[in-house]
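The values are calculated or read from the model by the stated rules, or taken from the named source; none is laboratory data. These figures come from a predicted structure and were not determined experimentally. When we count neighbours, we look across all protein chains shown, and the Cβ atoms used for this are built from the backbone with ideal geometry, even at glycine. Just the protein is used for accessible areas: all its heavy atoms, side chains included, with ligands, DNA and RNA removed. Shrake-Rupley method; radii C 1.70, N 1.55, O 1.52, S 1.80 Å.
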Amino acid sequence: MHIQIQCCGVVLMLVLFYFYMRQKRIALESQKAFLGVFWASLICIVFDIFSIIVIEYRHVLSEPFAKFVAKTYLITLLGVAISALAYVYVDIYPKKKDYWHDFRKYAVLWVIGAIGTYAVPLYYNYSADGTEVLYTYGPSVYVTYGVSLVFFVRIFYLIKKEKAKINPRRREAVCIWLVAWIVASQIQFMYTNLLIVGYAGSIGIMVLYLKLENPETNLDRSTGLFNSGALYQYTQQFFARERDFSILVVIFESNAYQNVHLEKREGIRMEIIEYLLKLPHVLAFKNAEDEYVLLFEAQENAGAAVEEIRSRFRSGWGMNRDSIVRPHWLYLPHANVVDQTENLLYLVRYIRQEEREFFENDFFCIGKDSVDKMRREREVEQLIIDAIENDRVEVFYQPIFSTSEQHITSAEALVRIRDREDKIVPPGVFIDTAEESGMILKLGEIVFEKVCGFIRNHPLEQFGMHYIEVNLSVVQCAYENLAQDYINIMKRYDVDPKYINLEITESASTNAKKTLLGNMEKLMEYGVHFSLDDFGTGQSNLNYIVDMPVDIVKFDRSMTNSYFENGKAKYVMEAAIHMIHGMNLEIVSEGIETKEQYQTMEDLGISHIQGYYFSKPLPEDEFIAFLEKNQTRQGA
Ligand code: C2E
Ligand code: MG
Ligand code: MG
């Protein structure tokens, strides 16, 4: 009897099973499918041994019984094949309904294969002296191999077709496992007394276990809590089944431990982790260095549990309960306000960064409002990314009229985005998001390149224009390389810097004054001029203008408007005009819409006027047409 190799296989699998069961596990679908494969393989190898014994003693136990057991072993082989297929389906399709229909067809095939294996004959192949059965063959074996082949082909086809959906490590492990099976059965076919298929199957299971299904890979080593990978897979399962759950995020920033002595900290931290691990009906995950996620499947109890956990924290830690740790809490009663794990994690990050209320209080309950706000911001972010990638950033130009020269002498470049429906989106919708995400750096550069391209293609002087004003965001002003990048662009487009006037705002200098001044100095040395935008909206500190090397001050629309509406504002603006002129600076008045407003500004001695009275911001071609119509071509 050659059963030694099979027995080794059984021992190997039992050892694996022992380790598997001893570990802390989480109910992941893939692990259930793995257990399916494990049991199918173990049953198969046990039946392999059993059938060899029964055949050996067939004269005692009866011939039909021996054949029945031998055929049952063949059917368990089919069981391994279908469990392998189920394992691959579960991994590729998170929703049962996406694969169940397909899988059912193979389950029927399995039943047909099993009936077929029992129904057709099975023969023995004897050793030369005719005393020992070496192996079985005949129609029953061919049915088993034929049906298994269908399963294997389906598995390889699925792995190839759904390559993008299957985790590459899982793909590799499943392939190793199946190839081990196929190679072993080929060897056994050629060397019939080497009964190694069952053993190869158990080696394959070990590969699967070590590479993928070791529950330890779901644990965080330092705390013993489940890790972020487990959080991802587990919550994704809930979303796939459209089941709601609640989470409580506990954030231990360093200031959470304000009252805890440094040397006591580690001990207290472990005490807290111990407490989280033992919480009943709660799964605790460590998501980031300072962030723990508690997941409640039974939502109806979540609110009370959250209260209890928070009150435990209030009662203190350590021997004398004198160490008070005050984490920040984010509570999401209904995780189904989002639809997948990526969005759930994004939501948590978003609230941590964006929600003012979260900073001010230590507890924040995430409601639908926050989710809607996040969604809108994500949409805007996507809009900007799309526009940058697909060249849908456009620059509009709004003419600026000189009261002394009595024609358009400059224009302000204003960014626009064209969305997928070809609609123009104004900067009010996306500038804040672009600044927060840092994408304003790229957006600003694109605008500046387009302006330089415009100046190169349409020499300004032929229209009697002197320069174009380009807005700089606070974020750009605080960017160390801004000056060099802009100088490089001007060089690349062969644009004389005298045609460029950059608009900065008061808030830019409160943010990073040193960097801003460094950038301004370099650019001015190169020949660029500057304006101060938005005057009249912030503090509008006149001392500030003294400090800033600007040539022009731009009065914001709100300031010019209040001049016409509010008696006192009149005096403020007149005083400001007086002082700015005293400093030898020019003024641009924005938001002038009527002839009367224009006349008043001219009478006040303001040198430049910008507003709908002359024109709204225009796309490049319309702006050229506007200039051609309204300006006498210089030198023409
Ligand atoms: P801003 O730099 O103060 O630009 C003037 C804004 O006032 C423009 O709005 C312009 O269309 C509007 N405006 C001008 N005259 C009138 C008028 O008579 N009536 C009314 N109702 N509005 C008038 P826009 O284009 O929507 O831009 C808004 C703001 O977005 C700009 O204010 C600027 O802060 C920012 N922005 C625009 N383009 C850029 C850019 O390329 N980069 C950066 N960083 N910011 C930009
Ligand atoms: Mg501006
Ligand atoms: Mg302005």
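The heavy atoms of ASP547 offer some 90 square angstrom of accessible surface to a 1.4 angstrom probe.
Expressed as a whole percentage, what fraction of the accessible surface of the range 469-517 belongs to carbon and sulfur atoms when a 1.4 Å probe is rolled over the protein heavy atoms?
Numbers: 1000 of 2110 Å².
Here carbon and sulfur together make up 47 percent of the probe-accessible area.
Sparse packing (at most 14 other Cβ atoms within 10 Å of the Cβ) combined with a DSSP loop state is found for the following trypsin sites (Lys or Arg not before Pro) in the range 140-204: LYS163, LYS165.
A 1.4 Å probe run over the range 207-284, with the rest of the protein chains in place, finds 48 Å² accessible per residue. Each part reduced to its alpha carbon centroid, the range 23-59 and the range 145-187 end up 19 Å apart.
Expressed as a whole percent, the proportion of Cα-Cα pairs in the range 40-89 lying more than 16 Å apart is 42%.
Restricting the count to DSSP beta bridges whose residues both fall in the chain, what percent are antiparallel, rounded to a multiple of 5? Write down the numbers at each step before the final one.
Working: 39 of 64 bridges.
Taking every DSSP beta bridge within the chain, about 60 percent pair in antiparallel fashion.
Helix-only mean residue ellipticity at 222 nm, the chain, DSSP H runs n ≥ 4 weighted -39,500 (n - 2.57), per residue, nearest 500. What is it? Don't skip to the end; give the middle numbers.
Numbers: 24 runs with 366 residues, N = 636.
Helix-only estimate at 222 nm: -19000 deg cm²/dmol.
I'd like the FRET efficiency for MET579 and LYS513, computed as 1/(1 + (r/R0)^6) with the beta carbon distance as r and R0 of 25 Å, rounded to 0.05. Intermediate results must be reported in sequence, preceding the final value.
Working: r = 22 Å, r/R0 = 0.87.
Taking R0 as 25 Å, the efficiency between MET579 and LYS513 is 0.70.
Shown is the FRET efficiency for ASP494 and LEU542, computed with R0 = 35 Å from the Cβ-Cβ distance and rounded to the nearest 0.05: 0.35.
With every protein chain kept in the model, how would you rank TYR135, TYR397 by accessible area, 1.4 Å probe, largest at the top? Please list the in-between numbers first.
Working: TYR135 75, TYR397 0 Å².
Descending order: TYR135, TYR397.
Accessible surface of GLU628, taken over heavy atoms with a 1.4 Å probe and every protein chain present, rounds to 100 Å². Surface composition of the range 355-415: carbon plus sulfur atoms contribute 44% of the solvent-accessible area (1.4 Å probe, protein chains only, all chains present).
Measuring between their Cα centroids, the range 324-402 and the range 199-234 lie 33 Å from each other.
May I ask you to give the average projected area over all directions of the convex hull of the Cα atoms of the range 348-445, in nm² rounded to one decimal? Don't skip to the answer; put the middle values down first.
Values: hull surface 37.0 nm².
Projected area, direction-averaged: 9.3 nm².
Among the protein heavy atoms of the range 13-160, carbon and sulfur supply 70% of the accessible surface, probe 1.4 Å, non-protein parts ignored. In the context of the full protein assembly, PHE564 retains an accessible surface of approximately 80 Å², using a probe radius of 1.4 Å and ignoring ligands and nucleic acids.
Using just the C-alpha positions of the chain as equal point scatterers, what log10 of I(q)/I(0) does the Debye formula give at each q in 0.06, 0.07 1/Å? The computed values of log10 I(q)/I(0) come out as -0.59, -0.71. When restricted to Cα atoms, the range 561-636 yields an Rg and a Dmax of 15.2, 48 Å, respectively. For the range 389-422, trypsin sites (Lys or Arg not before Pro) are listed when DSSP marks them as loop and at most 14 other Cβ atoms sit within 10 Å of their Cβ; the list is ARG420. For the range 1-124, the calculated P(r), taken from all Cα-Cα distances in 5 Å bins from zero up to the bin holding the longest distance, is 2, 10, 16, 17, 17, 14, 12, 7, 4, 1, 0 percent.
For the set LYS554/LYS629; LYS522/LYS595; LYS373/LYS568; LYS24/LYS160; LYS97/LYS278, the pairs lying more than 30 angstrom apart at their alpha carbons are LYS522/LYS595; LYS373/LYS568; LYS24/LYS160; LYS97/LYS278. Starting from the Kirkwood radius over alpha-carbon pairs of the range 501-597, derive D by Stokes-Einstein at 25 °C in a medium of 0.890 mPa s and give it in µm² s⁻¹. Rounded to a whole number, D works out at 174 µm²/s.
Hey, what's the range 399-539 come to in accessible area per residue, 1.4 Å probe, Å²? Mind dumping the intermediate values first?
Working: 6050 Å² over 141 residues.
So the range 399-539 comes to 43 Å² accessible per residue, rounded to a whole number.
For the range 27-64, chymotrypsin sites (Phe, Trp or Tyr not before Pro) meeting the loop criterion (DSSP other than H, G, I, E, B) and having at most 16 other Cβ atoms within 10 Å: TYR57. Accessible surface area normalised per residue over the range 56-137 is 53 Å², counting heavy atoms of protein chains with a 1.4 Å rolling probe.
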